[in-house]
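The values are calculated or read from the model by the stated rules, or taken from the named source; none is laboratory data. Source: prediction; values computed, not measured. Cβ placement follows ideal geometry from the backbone for every residue including glycine, while neighbour counts extend to all protein chains displayed.
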Amino acid sequence: MPDAAKAAATIDACPVDQLYRSHHGWLQSWLYKRLGSRPDAADLAQDTFVRVLGHPAIVPELAEPRAFLATLARRVLSNFHRRRQIEQAYLEALAAQPEAVACSPEDRALVLEALVEIDRLLDGLPGPVRRAFLLSQLDGLKQAEVAARLGVSLPTAKRYIARAVQQCFFAVSRP
Amino acid sequence: MASLPFFAQAPDLPDSVCRQAAQWLVELQAEPAAPGIEARWRAWRAADPLHERAWQRVEACLRGLDSLPPRVAAGALSALPAPGRRRAAKALAVLALGAGSGAAVMQTSAGRRWRADHHTATAQHRRLRLADDSLVTLDAGSAMDVLFTDARRRLRLVEGEIFVESAPDPLAGPGRTPRPLEVLTKQGLVRTAGARFSVRQLRDSTLVCVFNGAVELCPAESAVALPLHGGQQAYFDRAGLQRSQALAQRAPGWTHGMLVADDMRLGDFLDMLAAYHRGGLSWSSRVEDLRISGTYPLADTEAVLRAVQALLPVQVRGYAGLWTRVGPRRA
């Protein structure tokens with residue numbers, strides 16, 4: 001077989017490429033139904049395939065490729081919604097400040113990025129544990145103040161903070 | 001704004017060590033602090049390189065959090081409902097863990113410092129004579145590798161500052177050109193045929209001071225080598241020269257116990273001071289671009305911090321007298 005034909009055959013046989021060709025259109029309309037926006041659907045379909053590239057090895061073994069894609073896309077979608085919520089809450093918190101907070105668009109984007117990341121790292125922790133972390137490490141409240149805000153004892157507040165710090169600072173980052 | 005460390009992979013450390021580091025942070029932040037906690041915390045850090053690595057991670061994360069606007073950031077995240085079940089994708093997340101989880105471990109500066117050929121601890125200097133008879137003095141909290149071959153005389157500065165008094169190349173002779181003495185940093189190369197000079201690795205740049213002789217600066221992404229002569233100092237990054245200015249001293253201030261700053265970024269200043277400060281010293285990214293000048297005694301870092309607070313709009317806050325944080329002064 002000439003080299004060029006061999007290369008073409010290799011590309012054709014690339015399982016991710018095949019998955020993309022066969023299901024990209026389907027995935028985009030699946031997302032469109034849930035988002036109501038074509039540009040967003042196109043972006044998230046792209047994000048979903050980027051995630052597929054993260055584990056190409058399992059692609060050839062997929063019995064139900066669309067179920068697999070939908071699982072990934074649900075995660076992408078849930079992150080997308082969560083991000084919107086955080087952005088909204090962030091803008092509201094900014095607006096609620098007594099004096100204007102000088103903040104360039106670049107800074108704002110970086111802060112938003114950080115908030116999304118922290119939110120993700122705190123994922124799975126109970127509400128009070130999350131709040132204990134935010135109050136003590138972001139707001140700089142004393143531990144006794146955190147305990148009072150949460151209506152728990154000081155040792156409990158400390159235990160909450162330690163648990164959240166451990167998860168947030170040492171969690172292995174997930175894409 | 002400093003980039004946040006969360007995006008970087010967390011070091012791969014045993015759960016028990018991570019839990020202990022988190023508990024130490026909580027104990028150090030407690031007010032009032034438990035008596036004797038400083039000694040116990042130091043002992044814990046010293047007991048195991050893994051402990052030190054975990055602690056470095058804690059400090060890096062604190063610096064990252066500190067760059068966020070306090071009330072706004074916490075307000076935004078507290079206002080949200082706790083995230084719903086995102087467990088559905090857990091299996092996928094586990095799949096993603098495999099790649100690179102150990103890779104970041106040795107990149108923490110403390111880890112790198114221990115692996116270096118030569119390093120110094122807090123408030124400690126070290127003077128070395130190299131194979132070519134050049135003299136190198138390591139400032140406190142510094143680390144360097146010696147990478148000499150027949151073709152070149154190269155030092156790699158990993159962290160901190162070195163003061164180099166170069167000797168002529170002993171291998172030079174008829175028909176053999178002398179090898180320049182080189183210092184490699186994260187931003188590029190400093191090269192000399194003969195000089196007394198110092199090189200400091202700052203967080204995002206390299207500071208070079210030339211006391212006698214001359215050196216060439218070769219920023220990593222620049223095709224041009226920049227000459228620097230005795231009585232000059234310069235900051236450069238990977239792209240090129242940031243600024244240069246006159247230098248009055250004849251040797252680095254720290255070799256006679258002083259920190260000499262001439263319109264220096266406060267972040268860089270605190271970085272140098274931290275190498276002499278017993279106990280933790282961290283600062284907010286909101287103050288690190290303030291400028292400071294003056295000559296300060298390294299033997300009394302507490303006094304230096306008091307002076308900094310008197311000079312600049314910053315607030316120095318001690319946590320139980322063992323861990324100090326420099327932040328913006330609140331109105």
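Numbers for the structure displayed
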{"item": "Positions within the range B:111-141 being of a type in the set (Lys, Arg) and at pLDDT below 80, in sequence order", "result": "B:Arg112, B:Arg113, B:Arg115"}
{"item": "Positions within the range B:185-210 being over 19 Å from B:Val146 (Cα atoms), of a type outside the set (D, E, K, R) and modelled with pLDDT under 95, in sequence order", "result": "B:Leu202, B:Ser205"}
{"item": "Condition check for B:Asp300: closer than 28 Å to B:Arg126 by Cβ and among the acidic types (Asp, Glu)", "result": "yes"}
{"item": "Search result, residues across the range A:125-172 that are free of Cβ contacts under 8 Å to residues at least 40 places away in the same chain and within 30 Å of A:Leu72 (Cβ to Cβ)", "result": "A:Pro126, A:Gly127, A:Val129, A:Arg130, A:Phe133, A:Leu134, A:Arg163, A:Gln166, A:Phe169, A:Phe170, A:Val172"}
{"item": "Single residue of the range B:12-66 satisfying the filter (within 8 Å of another protein chain (Cβ to nearest Cβ) and part of a loop (DSSP other than H, G, I, E, B)) that is surrounded by the fewest Cβ atoms within 10 Å (Cβ to Cβ)", "result": "B:Glu31"}
{"item": "Test for A:Arg75: is it at pLDDT 75 or above and more than 10 Å from chain B (Cβ to nearest Cβ)", "result": "no"}
{"item": "Unmet criterion (only one of (1) farther than 26 Å from A:Arg120 by Cα; (2) surrounded by 13 or more Cβ atoms within 10 Å (Cβ to Cβ)) for A:Ala63", "result": "(2)"}
{"item": "Yes/no for B:Arg87 being facing chain A (nearest Cβ under 10 Å) and modelled with pLDDT of 55 or more", "result": "no"}
{"item": "Strands (runs of 3 or more DSSP E) contained entirely in the range B:215-331, each with at least 1 residues that are of a type in the set (S, T, N, Q) and not assigned by TED's automatic domain parsing to the domain that holds B:Ala34", "result": "B:232-236, B:241-246, B:280-283, B:291-297, B:314-319, B:323-328"}
{"item": "Test result for B:Pro5, more than 7 Å from chain A (Cβ to nearest Cβ), over 25 Å from the mean Cα position of the chain (by Cα), under 22 Å from A:Leu112 (Cβ atoms) and at pLDDT below 70", "result": "no"}
{"item": "Pair list, Cβ under 7 Å, 6 or more apart: the range B:38-56 residue farther than 15 Å from A:Phe169 by Cα, other residue among the aromatic types (Phe, Trp, Tyr)", "result": "B:Trp41/B:Trp24; B:Trp44/B:Trp24; B:Arg45/B:Trp55; B:Pro49/B:Trp114"}
{"item": "For A:Cys103: the one exception among (1) at pLDDT 80 or above; (2) facing another protein chain (nearest Cβ under 10 Å); (3) more than 22 Å from B:Ala10 (Cβ to Cβ)", "result": "(1)"}
{"item": "Breaking point among (1) touching a Phe, Trp or Tyr at 6+ places or on another chain (Cβ under 6 Å); (2) at pLDDT 90 or above; (3) closer than 25 Å to B:Cys61 by Cβ, for B:Pro252", "result": "(3)"}
{"item": "Of residues in the range A:136-171 being buried (at least 16 other Cβ atoms within 10 Å of the Cβ) and outside any helix (DSSP H, G or I), the one nearest to the other protein chains (Cβ to nearest Cβ)", "result": "A:Asp139"}
{"item": "Considering residues of the range A:117-135 that are more than 7 Å from chain B (Cβ to nearest Cβ) and surrounded by 19 or more Cβ atoms within 10 Å (Cβ to Cβ) only, the residue farthest from the chain's Cα centre (by Cα)", "result": "A:Ala132"}
{"item": "Residues of the range B:151-200 satisfying the condition of being among the hydroxyl-bearing types (Ser, Thr, Tyr) and out of contact with any strand residue (DSSP E or B) (no Cβ under 9 Å at 6 or more places or on another chain)", "result": "B:Thr177"}
{"item": "Hits in the range A:48-60 (condition: surrounded by fewer than 17 Cβ atoms within 10 Å (Cβ to Cβ) and either part of a helix (DSSP H, G or I) or of a type in the set (Ser, Thr, Tyr) (or both))", "result": "A:Val50, A:Leu53, A:Gly54, A:Pro56, A:Ala57, A:Ile58, A:Pro60"}
{"item": "Extreme residue, farthest from B:Ala140 (Cα to Cα), among residues of the range B:223-256 that are touching a residue at least 40 places away in the same chain (Cβ under 8 Å) and under 19 Å from the mean Cα position of the chain (by Cα)", "result": "B:Arg238"}
{"item": "Unique match (being over 22 Å from B:Val136 (Cα atoms) and not β-branched (Val, Ile, Thr)) among B:Gly257, B:Gly318, B:Gly230", "result": "B:Gly318"}
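Matching residues to (1) surrounded by 13 or more Cβ atoms within 10 Å (Cβ to Cβ); (2) over 30 Å from B:Pro297 (Cβ atoms); (3) in contact (Cβ under 8 Å) with a residue 24 or more places away in the chain; (4) not assigned by TED's automatic domain parsing to the domain that holds B:Leu298:
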site: B:Arg127; (1), (2), (3), (4): no, no, no, yes
site: B:Thr137; (1), (2), (3), (4): yes, no, yes, yes
site: B:Met144; (1), (2), (3), (4): yes, no, yes, yes
site: B:Ala151; (1), (2), (3), (4): no, yes, yes, yes
site: B:Leu157; (1), (2), (3), (4): yes, no, yes, yes
site: B:Ile162; (1), (2), (3), (4): yes, no, yes, yes
site: B:Ser166; (1), (2), (3), (4): yes, no, yes, yes
site: B:Ala172; (1), (2), (3), (4): no, yes, no, yes
site: B:Arg176; (1), (2), (3), (4): no, yes, no, yes
